[in-house]
1. Using the heavy atoms of the protein chains alone and a 1.4 angstrom probe, what is the accessible area of segment 22-71 per residue in square angstrom?
2. Using only the alpha-carbon atoms of segment 1-152, report the extent along each of the three principal axes, biggest first, to the nearest angstrom.
3. log10 I(q)/I(0), Debye, Cα-only segment 1-48, no solvent, q = 0.13, 0.14, 0.17, 0.32 Å⁻¹?
4. Normalised by the number of residues in the chain, what is the relative contact order in percent for Cα pairs under 8 Å and 6+ residues apart?
5. Out of the DSSP beta bridges found with both residues in the chain, what percent are antiparallel (nearest 5)?
6. Can you tell me how much longer the chain between Glu34 and Val210 gets when fully stretched, taken as 0.36 nm per residue apart minus their C-alpha distance, in nm with one decimal?
7. Using a Gaussian network model of the chain with C-alpha springs under 10 Å, which one of Val11, Val102, Val182 is most mobile by mean-square fluctuation?
8. Using Cα positions and a limit of under 23 Å, work out the lysines in reach of Lys193, with same-chain residues fewer than 8 apart set aside.
Amino acid sequence: MRTLEIDHPLVAHKLTVLRNKETHSSVFRQLADELVTLLAYEATRNVAVAPVELETPVTPMTGTKLANPKPMVVPILRAGLGMLDGLTRLLPTAEVGFLGMVRNDETLEVTTYANRLPDDLSGRQCFVLDPMLATGHTLIAAVDYLHERGARDITCVTLLAAPEGLAAMEAQIDPAIDLTIVTASIDEKLNEKGYIVPGLGDAGDRLFGVVD
Ligand code: URA
């Protein structure tokens, strides 16, 4: 597993505004979107490409285009939806699948309540979107799910990651998977409720409001 913590002043600036509890949902959504586009630039560094012949106004040449099959982007509902536009802005021809997963706040266990994905993901590069890599349970379940359907090359894009969650992923995910984690920050720790510290709170609530 490779972990990339993106060190860039614009990432640090936008993340600082997201962390502030006074930041309103509308600004939070806008900045999360911009931040994901910055992370997407690094996350797509090894996206598969193929040569293509073309003519410029001056001469024929060999250029580069995204290879087939096109990448699959998988936001984890609900909070991952706030990251979808930020990633597809750079990969507009990618296909989008959905995984609905929810964490029980008491046991921290994860259950899958919805999925909309092709049965066969062999040969597809997958980009999983989930803002908070906390215990790692959700992303471990999501990566296992994609792996069972044949995906071997998986990149998880998160706004924040906790060291505990990264360690759990390293320990539990099949090393045969070519797995990359891209994050804006590896924070200090998890608290007793499974929240990332210092973190930014509940990402789904901050993006979309509180649902009781
Ligand atoms: N999920 C969140 O939304 N926030 C955290 O800090 C941890 C998990």
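The values are calculated or read from the model by the stated rules, or taken from the named source; none is laboratory data. Note that the structure is a prediction, hence the values are computed from the model and not measured. Positions of Cβ are backbone-derived with ideal geometry, glycine not excepted, and every protein chain shown enters the neighbour counts. Quick note on the areas: whole protein, heavy atoms, side chains included, nothing else; ligands and nucleic acids left out. Shrake-Rupley method; radii C 1.70, N 1.55, O 1.52, S 1.80 Å.
1. On a per-residue basis, segment 22-71 sits at 64 Å².
2. So the extents along the principal axes, rounded to whole Å, are 63, 38, 27.
3. The Debye formula, applied to the Cα set alone, gives -0.34, -0.39, -0.55, -1.20.
4. On the way: 407 pairs, mean separation 49.4, N = 212.
Computed value for the chain: 23 percent relative contact order.
5. On the way: 15 of 42 bridges.
Among the beta bridges of the chain, antiparallel pairing accounts for roughly 35 percent.
6. Working: separation 176, 0.36 × 176 = 63.36 nm, distance 2.25 nm.
Contour length minus the Cα-Cα distance gives 61.1 nm.
7. Result for the chain, Cα springs under 10 Å: Val102 fluctuates most.
8. Cα-Cα hits under 23 Å: Lys21.
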